1. Could you grab the pairs with beta carbons closer than 9 Å, sequence gap of 6+ or different chains, first residue in region 245-261 and in a loop (DSSP other than H, G, I, E, B), second one surrounded by 14 or more Cβ atoms within 10 Å (Cβ to Cβ) and among the acidic types (Asp, Glu)?
2. May I ask you to list the residues in region 77-102 that are closer than 14 Å to VAL47 by Cα, buried (at least 24 other Cβ atoms within 10 Å of the Cβ) and out of contact with any Leu (no Cβ under 8 Å at 6 or more places or on another chain)?
3. Go through (1) among the acidic types (Asp, Glu); (2) under 20 Å from TYR220 (Cα atoms); (3) touching a strand residue (DSSP E or B) at 6+ places or on another chain (Cβ under 8 Å) one by one and return the number of the condition GLU161 breaks.
4. Check whether at least one residue in region 66-73 is in contact (Cβ under 8 Å) with a residue 24 or more places away in the chain and over 26 Å from LEU163 (Cβ atoms), and report yes or no.
5. May I ask you to list pairs of residues, at least six apart or on different chains, whose Cβ atoms are under 6 Å apart, with the first in region 88-99 being more than 11 Å from ARG258 (Cβ to Cβ) and the second being surrounded by 20 or more Cβ atoms within 10 Å (Cβ to Cβ) and among the aromatic types (Phe, Trp, Tyr)?
6. Being in a loop (DSSP other than H, G, I, E, B), of a type in the set (A, V, I, L, M), surrounded by fewer than 18 Cβ atoms within 10 Å (Cβ to Cβ) and modelled with pLDDT of 95 or more narrows it down to one of ALA50, ALA45, so name that one.
7. Starting from region 129-157, keep only residues that are within 25 Å of HIS253 (Cα to Cα) and of a type in the set (D, E, K, R), then list their pairs with residues that are modelled with pLDDT of 95 or more and not in a loop (DSSP other than H, G, I, E, B) whose Cβ atoms are within a distance under 9 Å, requiring at least 6 positions of separation or different chains.
8. For region 214-244, which residues satisfy the criterion of being touching an Asp or Glu at 6+ places or on another chain (Cβ under 9 Å), over 19 Å from GLU161 (Cβ atoms) and in a helix (DSSP H, G or I)?
Amino acid sequence: MARRANFAIGLLCLLACVVALRPVILNFESKTFLNTGPNGPETPATVGLAFDRLKISSGRRVLDAYLVRAPGTCQPRVAVLIFHGVMETISEWILAQRFLYDHCISSIVFDYSGHGDSSRPGTIAHLNEDAIPAYATFVSQFPSERLCVLGHSMGNSPLLESLPHFRPPPSCVVVANAFSSLRDAGRKRGTSLALLYAIPDAWDNVENAKLVRVPLLVVYSDADKVNPPAMGQRIFESAPEPKQLAVLHGFPHDALYRTPTDDWWAPVLRFLRSQ
């Protein structure tokens, strides 16, 4: 009896230690995948665009960003704030900014903490914090435009986590190529069950989508090998109305910024200009 009691007490103590250490484990693990090398040499000028290089204050950190304004003759006047994916930098998004400019959409793409030339380190908490001043800067730069936010892959997580704190709320939200939750994404990539359940599921996009109170477009491709279509479908089903779904065919995960085309972007452009 005593042996069983000691075993039960030991197990409870172990579980208590795991629970107490979960934030520490999460912070340590996030630093392994939320930090990149420096930003590349490419800027919007590389593809023939005038641009502003922004430095956005996020607490004691500074975020690097490219701002591209659409021609002044464009109507309607629309701007989008881009939350890019994990291990990406703003230099990789210049083709997408060129595409948006050619379709009369202004844009800002920024590097989170730990990414490109932004301050380090990148952690889940820091990325969530970064989203709010990035959005405030976006609002200040485009006082007369229709303002929308777009997340790609991991970028949807800090976007949806921080969306309730955006003031004023954006006119629309685009969730593209998202995972359903950080834990689901880890499971898809083969992370051990012990580690998966030792850390809290900090980014649950299915749950956070329930809090969206502006028009939402969920976009995913049936050929996405990184975040399977079922993940995007779960996010769409959990979100309240008004919402729209665009299921694309044959596009790889990163097609929206590596090889931007009308076929991928058409439903997004319609949505950005609507309402």
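1. From region 245-261, the pairs are PHE251/ASP224; PRO252/ASP224; HIS253/ASP224; ASP254/GLU88; ASP254/GLU92.
2. ILE90, TRP93, LEU100
3. Result: GLU161 passes all but (3).
4. Filtering region 66-73 down to residues in contact (Cβ under 8 Å) with a residue 24 or more places away in the chain leaves 66-71.
Next, from what is left, pick out any that are over 26 Å from LEU163 (Cβ atoms): 71.
Yes, that holds for at least one residue.
5. Listed by first residue and then by second, the contacts come to ILE90/TYR66.
6. On the way: ALA45 fails: in a loop (DSSP other than H, G, I, E, B).
Only one candidate qualifies: ALA50.
7. ASP130/ILE56; ASP130/SER58; ASP130/ARG61; ASP130/LEU63; ASP130/PHE110; ASP130/PRO158; ASP130/SER162
8. Residue satisfying the conditions is PRO229 alone.
The values are calculated or read from the model by the stated rules, or taken from the named source; none is laboratory data. Note that the structure is a prediction, hence the values are computed from the model and not measured. Quick reminder, even Gly has a Cβ in these numbers, built from the backbone with ideal geometry, and neighbours come from all protein chains shown.
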